[in-house]
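Working notes, structure below.
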Amino acid sequence: MVHAVGVTALQPAQRPAPGAAIDLVGPIPGTLDVGTGIEMPAARRNASTGRRLSTKGAEKRQEILDAAAALFALNGYRGTGITEVARRAGLSHVGLLHHFGTKEKLLLAVVADLDERQQESYAQLRGLRGRTALIRMSLVTGRTASPAPFNTLFLVLIAENLHRDDPLNEYFRARYARSRQYFIDAIRTGQEDGEFRPGVDAESIATQAFGLLLGGAIQNLADPGSVDLPRCYAAYVERLLADLRTAGPA
């Protein structure tokens, strides 16, 4: 069984200081982390040698990543052979390994590439607080709910990495913890700003909100068009905001 390489220890999510803005995205250093607890190969470096790629090399690397992503989404990581990826990318088995070294490093690079593509969406949420942070999450629900290949891939990889010793288990646990923390911070900053009443169970609300987004995405990918996730999330937030302004239970 393979194990993740370059995994860093998970850090407990920190409550933002009063007046601080919520950061769901995080910096993108030489290795792509995105606050998920697992370091990914840098996008424009050879994962086998660590050397910076030429333009031609970067283009071929992206072709390999696209081929691997499509096959992993169709057959799963475990059901896809490295030779099959190489053939789809127009390379030999040896040529593919020159770029990535191992199948596991290829998997990490695929996930890093997908994370990087999502940065534009999540960047729209940077710096938001309270009520605005909850409402604006709908900006990314449309992309999350669409039956795009990378969304299908994420769900397939989640199913393949449910056990602690699976290569991406820590990555997904950290990714989901960070997503839940976004909602927790939205509630707490709203309380600090006087928008929401005190005594609200922010952790429970975060679990509900994130469960709605993930569950809706799964349903929509299994049956495209069956769930209007942006509309469902907007209705949920409308009810939630009304509750947070009242003296009733959270």
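Please indicate, with yes or no, whether at least one residue in segment 89-106 is in contact with a Ser or Thr (Cβ under 9 Å, 6 or more places away or on another chain), modelled with pLDDT of 85 or more and among the β-branched types (Val, Ile, Thr).
yes
Just to be sure, is GLN11 modelled with pLDDT of 90 or more and under 25 Å from ASN161 (Cβ atoms)?
Judged against the criteria, GLN11 is not a match.
Each row is one residue, and each column tells you yes or no for (1) of a type in the set (D, E, K, R); (2) touching a residue at least 60 places away in the same chain (Cβ under 8 Å).
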| site | (1), (2) |
| --- | --- |
| LEU168 | no, yes |
| ILE205 | no, no |
| LEU213 | no, yes |
| PRO230 | no, yes |
| TYR233 | no, yes |
| ARG245 | yes, no |
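Taking ARG131 as the residue in question, decide whether it is under 30 Å from ARG231 (Cβ atoms), at pLDDT 75 or above and not polar (S, T, N, Q).
yes
What number of residues in segment 63-121 are touching a His at 6+ places or on another chain (Cβ under 7 Å) and of a type in the set (Ser, Thr, Tyr)?
Matching residues across segment 63-121 total 1.
The values are calculated or read from the model by the stated rules, or taken from the named source; none is laboratory data. In this text, all values refer to a predicted model and were calculated from it rather than measured experimentally. When we count neighbours, we look across all protein chains shown, and the Cβ atoms used for this are built from the backbone with ideal geometry, even at glycine.
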